[in-house]
2 protein chains.
Amino acid sequence: MNSKSSSINTRIVLSEYMPKGVTSASYFSIDKSQQVPLSGSLADGQVLVKVFALSIDPHLRIYISAPEDMPSSDDPVLLYSPGKTFSSIGVGTVIASKSNKFHAGDRIRGSEFPWQEFAVMNDDAFEKLPSDESTSLQDYLGVLGMPSFTAYLGVVTIGQAKAGETLLVSAASGAVGQVVVQLAKARGLRVVGVAGSDDKTARVKSIGADAAINYKTCGDYVQAIKAAAPEGIDIYFDSVGGSFLDATLLNLNTGARVILCGSMTTFGADKSATDGIKNLDTLIVKEVTMKGLYYFPHVGTQAEADFIQETTDMVNQGKIDFKIDERVGLESAPQALVDLYEGKNLGKVIVRL
Amino acid sequence: MNSKSSSINTRIVLSEYMPKGVTSASYFSIDKSQQVPLSGSLADGQVLVKVFALSIDPHLRIYISAPEDMPSSDDPVLLYSPGKTFSSIGVGTVIASKSNKFHAGDRIRGSEFPWQEFAVMNDDAFEKLPSDESTSLQDYLGVLGMPSFTAYLGVVTIGQAKAGETLLVSAASGAVGQVVVQLAKARGLRVVGVAGSDDKTARVKSIGADAAINYKTCGDYVQAIKAAAPEGIDIYFDSVGGSFLDATLLNLNTGARVILCGSMTTFGADKSATDGIKNLDTLIVKEVTMKGLYYFPHVGTQAEADFIQETTDMVNQGKIDFKIDERVGLESAPQALVDLYEGKNLGKVIVRL
């Protein structure tokens, strides 16, 4: 940092709740009124962090709706409110510490990293990353982080994938989908990937998928899935919800597993304008299991340890191809979230500061 | 049987496939052109059965649609076709046998019992029931049969019910629902039952439910469920699908289980006229499991043995109250199915011949 710009500590603030049916960068504002904190201002147990990169993820859209627009009538999770610095999963480096658990130079990752260049954080709000310089900090937002672990939980823990089965995955060129494809292929499954452009379906095939569907050009979804997987679907890894999910339900085999990992078509949507899922009754006779998958409760479990072991081995052996769609500069973060919702990304979206 | 009527072997035939959106007795016909088979006409491995009672169940509606109207685009299950004798789960007595496994007087139960007074059946198409006369043949269609076992599978095997949790059950005064209520109460759960009349909700409370909802008079479903279960729902045993299911999804707790056991609102329906389920995305963050439950694959499993043990004990100790809605005479069977779909039953519907 140079001495002039370093005094300004730019941050991104949610300026107002985003209404249903809208995903726009205009609901964020850039605030340059704060100064970089001085290390002398730290309290015991606090560290000063230089934010290195932020993870841009679909679930963020859930939390920037007004509480009355949240998808559950139970108490909504109020992570974000207008006027506060926005946050997401992120990585950074400790540059000053008044914590006895962390030292200057430590690399860290946290689930609520502020969208700000420098941040004072409590030492219970993040974890220390290996100092091994063969892995980059970005890796911990990608192939060694949430997207990959989410894929692992879906394919292995919930999906119980078995060789010879057929797995269908939507958003297959995205952050999570690309790993789903490769973990399933490594286990001997037949894999069909779904994506929204020919570039993306080409990418999906290049990382091992046996077939790919461009949902924007394939015509009738039910028939497109049937053509790509005439043997039927044993596992569906869903990140989109909506009518593609509904069509998949008509192509499931007995005992199939559906992993609900995201719902890009309904997160933040005005549901009165959506069609709804009409084929849930097909789950009954086929005894299908449908299960929601959310990353955060699994952090620190045995499944995470197993995942890190397997994925690190795959990375070291060059057996996994993880594409990062990197945006540069904190101020690009709001538009990066919009691009994710508009499908204008290829791979895992991160913002490097 | 008297000598005059015994020569005619009345049967019920599906005369044509039932169209979407219609459930009517007019698609069945009564055929009196056949004679009671003579015992001398049996081939090896066959028995002559006097049909005693037939089980009238919601899933029958799935199979009397034309193949193109079936809920799955996979090969539909073609149990029934126009012109054939209709069938369902049933019980009866062997009156003549050319099987070395069965003898005259044996009581039997089968999954495809013909809707006919007397039937020639192959000896691999049914199972022998205990000869203990303390249990009636009807019990094997009810408290010791499919409805009870289905309830057990939902509450115990899939639901993993734990004391202190809250269970919501729709069609709570019906064949399966009444057992769900009592099995859950026996395990220390709080139980909320849903039914379609004040008579039915009174019945639901009389067998132990802590609260009951009359879905025809309760107003907004989401609020009605919230009022009856402000602590949230841990297990939902669903036999109706549709908008009540959708409303329940907004009242689930983290880690909840939804058992899809039937879908009275969509079986045989014209789905283009239904609203669809819009709140599936709430399953994600709460990591809800939704699982289809179908009775037939569980017959003969350890779960069935466990069920028979537990339920027989409850019956012998007078701890379970199972209501049968008995219709008399084979010719009442088609209307009994219609009444079930119109909610005009109270308890398990059987037709006693």
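The values are calculated or read from the model by the stated rules, or taken from the named source; none is laboratory data. Computed from a prediction, not measured in an experiment: that's the story for all the values here. A quick note on method: Cβ atoms are made from the backbone with ideal geometry, for glycine too, and the neighbour counts reach across all protein chains shown.
Limited to segment B:23-37, what total is found for residues that are over 16 Å from B:Leu330 (Cα atoms) and surrounded by 14 or more Cβ atoms within 10 Å (Cβ to Cβ)?
Qualifying residue count for the region: 2.
Restricting attention to segment A:151-160, which residues are of a type outside the set (Ser, Thr, Tyr) and either surrounded by fewer than 24 Cβ atoms within 10 Å (Cβ to Cβ) or not in a loop (DSSP other than H, G, I, E, B) (or both)?
Result: A:Ala151, A:Leu153, A:Gly154, A:Val155, A:Val156, A:Ile158, A:Gln160.
Pick from A:Ala104, A:Ala96: which is assigned to a strand (DSSP E or B) and either more than 29 Å from A:Arg203 (Cα to Cα) or modelled with pLDDT under 95 (or both)?
The unique qualifying residue is A:Ala96.
Within segment B:218-240, work out how many residues are within 18 Å of B:Ile277 (Cβ to Cβ), of a type in the set (Asp, Glu) and more than 25 Å from the chain's Cα centre (by Cα).
The qualifying residues number 1.
Output the number of residues of segment A:250-262 satisfying the condition of being among the aliphatic types (A, V, I, L, M) and more than 7 Å from chain B (Cβ to nearest Cβ).
Selection size over segment A:250-262: 4.
Filter segment A:295-309 down to residues that are without any contact (Cβ under 8 Å) to a residue 12 or more places away in the chain and at the interface with another protein chain (Cβ under 10 Å from one of its Cβ atoms), then give me how many there are.
1
Only one of (1) under 24 Å from A:Glu133 (Cβ atoms); (2) modelled with pLDDT of 95 or more fails for A:Phe307. Which number is that?
(2)
For segment A:82-108, what are the residues that are under 18 Å from A:Tyr140 (Cα atoms) and under 23 Å from the mean Cα position of the chain (by Cα)?
A:Ser87, A:Ser88, A:Ile89, A:Gly90, A:Val91, A:Gly92, A:Thr93, A:Arg107, A:Ile108
Which one is farthest from A:Thr311 (Cα to Cα), of the residues in segment A:174-197 that are without any contact (Cβ under 8 Å) to a residue 60 or more places away in the chain and small (Gly, Ala, Ser)?
A:Ala195
Name every residue in segment B:38-67 that is buried (at least 16 other Cβ atoms within 10 Å of the Cβ) and more than 14 Å from chain A (Cβ to nearest Cβ), in order of residue number.
B:Leu42, B:Gln46, B:Val47, B:Leu48, B:Val49, B:Val51, B:Phe52, B:Ala53, B:Leu54, B:Ser55, B:Ile56, B:Ile64
Condition first: of a type in the set (Phe, Trp, Tyr) and in contact (Cβ under 8 Å) with a residue 40 or more places away in the chain. Now tell me which residues in segment A:28-67 satisfy that.
A:Phe28, A:Phe52 - these are the residues of segment A:28-67 that are of a type in the set (Phe, Trp, Tyr) and in contact (Cβ under 8 Å) with a residue 40 or more places away in the chain.
Would you be able to tell me the number of residues in segment A:195-239 that are β-branched (Val, Ile, Thr) and surrounded by 22 or more Cβ atoms within 10 Å (Cβ to Cβ)?
Number of matching residues: 6.
Checking the conditions here, which among A:Ser148, A:Ser173 is within 24 Å of A:Val349 (Cβ to Cβ), part of a helix (DSSP H, G or I) and of a type in the set (Ser, Thr, Tyr)?
Within the list A:Ser148, A:Ser173, the selection yields A:Ser148.
Here is a check on your reading of the model: is B:Lys226 at the interface with chain A (Cβ under 10 Å from one of its Cβ atoms), part of a helix (DSSP H, G or I) and closer than 26 Å to B:Ala163 by Cβ?
yes
Quick one: is A:Ala247 within 11 Å of chain B (Cβ to nearest Cβ), surrounded by 24 or more Cβ atoms within 10 Å (Cβ to Cβ), at pLDDT 95 or above and out of contact with any Gly (no Cβ under 7 Å at 6 or more places or on another chain)?
no
Looking only at segment B:229-244, which residues are within 8 Å of chain A (Cβ to nearest Cβ) and in contact with a strand residue (DSSP E or B) (Cβ under 7 Å, 6 or more places away or on another chain)?
B:Gly232
Looking only at segment B:263-275, count every residue that is facing another protein chain (nearest Cβ under 7 Å) and surrounded by 20 or more Cβ atoms within 10 Å (Cβ to Cβ) and tell me the total.
3
Could we say that B:Ala171 is crowded, with 24+ Cβ neighbours inside 10 Å and touching a residue at least 40 places away in the same chain (Cβ under 8 Å) here?
The answer is yes for B:Ala171.
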